[in-house]
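Visitor: One structure, pasted below without further comment.
The values are calculated or read from the model by the stated rules, or taken from the named source; none is laboratory data. Just so we're clear, the structure is a prediction, and the values are computed from it rather than from any experiment. Quick reminder, even Gly has a Cβ in these numbers, built from the backbone with ideal geometry, and neighbours come from all protein chains shown. Remember, those area values only see protein heavy atoms, side chains included, never the ligands or the DNA or RNA. Shrake-Rupley method; radii C 1.70, N 1.55, O 1.52, S 1.80 Å.
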Amino acid sequence: MMDLAPFYLTLKLAFFTTIVLFVLGIPLAYWLAFSRWRPKIIVEAIVGLPLVLPPTVMGFYLLLAFSPENAFGRFLDNYLDLRLVFTFPGLVVASVIYSLPFMIQPLQSGFRMLPHVLTEASYTLGKSRLTTLMHVLLPNIKGSILSGCILTFAHTIGEFGVVLMIGGNIPNETRVVSVLIYNEVEAMNYEMANFYSLILLIFSFLVLITVYVFQYKRADSSIFR
């Protein structure tokens with residue numbers, strides 16, 4: 001019998017992760033794109049670290065950090081009454097950290113591709129940085145915003161190592177689809193594992209097709225400007 005709870009939990013996790021990263025990613029990507037502070041390369045390296053770091057390594061260190069036995073986790077538990085280990089909020093925090101480059105890098109590229117005349121004209125008209133960002137820059141990088149949101153959503157759905165380390169395998173609480181597939185393989189129930197894996201494969205393929213379509217549309221529109 002098909003278990004729908006992990007699918008709902010996975011979609012819920014991907015939705016909240018995408019929303020949080022969208023809100024946090026815009027100001028960070030804007031700063032990375034336009035700041036002339038030389039040491040910002042360190043921040044860029046930290047943002048891109050999840051692209052090269054094994055998920056289990058990141059999950060392990062996040063598990064140590066969030067554990068009530070360590071200083072940060074103890075602070076969250078004692079003063080904020082917040083426990084991130086083996087809880088859904090912990091999955092969201094871990095997913096936000098691990099999916100960070102999938103939102104930041106498309107936004108940062110979009111900002112960098114904009115002609116400087118847009119910001120210069122806005123400042124000449126007396127517009128503030130916030131007004132320029134909201135009403136001039138963001139409307140011109142809609143494709144980058146959409147790509148970042150789609151990639152973040154899809155990447156979160158496919159996470160395994162980080163969510164397993166932080167969330168464990170608690171039914172209706174932290175058991176997402178990738179963990180469910182792992183369970184089916186361990187139980188040697190290959191038929192259901194194949195069924196769940198096929199769903200994720202088709203979804204991931206459609207997501208990539210969508211991203212490439214928007215990228216080609218952006219490229220074509222830029223040619224005819």
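Visitor: Could you order TRP31, TRP37 so the one with the most accessible surface comes first? Probe is 1.4 Å. Each step should come with its number before you reach the end.
Guide: On the way: TRP31 90, TRP37 130 Å².
The residues order as TRP37, TRP31, largest area first.
Visitor: Next question, about the same structure. As a test of the definition: which semi-axes, in Å, follow for the stretch 22-66 when you take the square root of five times each eigenvalue of its alpha carbon gyration tensor? Largest first, please.
Guide: Details: eigenvalues 122, 32, 17 Å².
After diagonalising the Cα gyration tensor, the semi-axes are 25, 13, 9 Å.
Visitor: Further, regarding this structure: Taking only C-alpha pairs under 8 Å that are 6+ residues apart, what is the relative contact order of the stretch 64-134 in percent? Write out the running numbers ahead of the final one.
Guide: Numbers: 32 pairs, mean separation 9.4, N = 71.
It comes to 13 percent, rounded to a whole number.
Visitor: Can I ask one more? Using Cα-Cα distances under 8 Å and only pairs 6 or more residues apart, what relative contact order does the stretch 4-160 have, in percent?
Guide: Details: 142 pairs, mean separation 55.3, N = 157.
The normalised contact order for the stretch 4-160 reaches 35 percent.
Visitor: How far is the Cα center of the stretch 1-70 from the Cα center of the stretch 162-196, in Å?
Guide: Rounded to whole Å, the Cα centres lie 21 Å apart.
Visitor: When a/c is below 1.5 the answer is rounded, else prolate if a/b is larger than b/c, else oblate, so apply that to the stretch 77-225 with a ≥ b ≥ c taken from the square roots of the Cα gyration tensor eigenvalues.
Guide: Working: a/c = 4.86, a/b = 1.71, b/c = 2.84.
Verdict is oblate for the stretch 77-225.
Visitor: Can I ask one more? In nm, to one decimal, how far is the LEU64 label point from the SER197 one, both placed 7 Å along Cα→Cβ?
Guide: 3.2 nm
Visitor: Let me ask you something else. Which one, THR87, THR17, PRO54, projects farthest toward the positive side of the charge dipole computed for the chain from Cβ point charges (K/R +1, D/E -1)?
Guide: Ranked along the dipole, the leading option is THR17.
Visitor: Same structure again: Using a 1.4 Å probe over the heavy atoms of the protein chains, calculate the carbon and sulfur portion of the accessible area of the chain as a whole percent.
Guide: Values: 9080 of 13170 Å².
Using a 1.4 Å probe with all protein chains present, the chain comes out at 69 percent carbon and sulfur.
Visitor: Using Cα pairs under 8 angstrom and six or more residues apart, how large is the relative contact order of the stretch 38-102, in percent?
Guide: Numbers: 44 pairs, mean separation 21.6, N = 65.
33 percent.
Visitor: Give the lysines reachable from LYS217 as a straight Cα distance under 21 Å; neighbours fewer than 8 places away on the same chain don't count.
Guide: Within reach: LYS142.
Visitor: If you place +1 on the Cβ of every Lys and Arg, -1 on the Cβ of every Asp and Glu, and leave all else neutral, what size is the dipole of the chain about its Cα centre, to the nearest 20 Debye?
Guide: On the way: 14 positive and 12 negative charges, 249 e Å.
Rounded to the nearest 20 debye, it is 1200 debye.
Visitor: How many times 2.2 N^0.38 Å is the alpha carbon radius of gyration of the stretch 1-159? Please list the in-between numbers first.
Guide: Values: Rg = 18.3 Å, N = 159, 2.2 N^0.38 = 15.1 Å.
Relative to the rule-of-thumb radius for its length, the stretch 1-159 sits at 1.21.
Visitor: If you don't mind, another one. Long-range amide H contacts for SER67: which residues qualify at under 5 Å (H placed 1.01 Å from N, peptide plane, sequence gap of 5 or more or a different chain)?
Guide: Amide H to amide H, under 5 Å and 5 or more residues apart or across chains, SER67 pairs with GLY73.
Visitor: OK, next. Quick check for you: with a 1.4 Å probe and neighbouring chains kept, what is the accessible area per residue of the chain, in Å²? Can you show the working numbers first?
Guide: On the way: 13170 Å² over 225 residues.
Spelled out: the 1.4 Å probe surface of the chain, per residue, equals 59 Å².
Visitor: Continuing with this model, one more query. Estimate the FRET efficiency between HIS135 and VAL43 by the formula 1/(1 + (r/R0)^6), using the beta-carbon distance for r and 22 Å for R0, to the nearest 0.05.
Guide: Details: r = 26 Å, r/R0 = 1.20.
In this case the efficiency is close to 0.25.
Visitor: Taking the chain as the reference, fit the longest principal axis to its C-alpha atoms, fit the long axis of helix 88-98 to the helix C-alpha atoms, and give the angle between the two in degrees, 0 to 90, nearest 10.
Guide: 50 degrees
Visitor: For the stretch 1-84, list log₁₀ I(q)/I(0) at each q in 0.17, 0.18, 0.19, 0.27 Å⁻¹, using the Debye formula over Cα point scatterers of equal strength and ignoring solvent, two decimals each.
Guide: Here the Debye-derived log intensity ratios amount to -1.08, -1.14, -1.17, -1.12.
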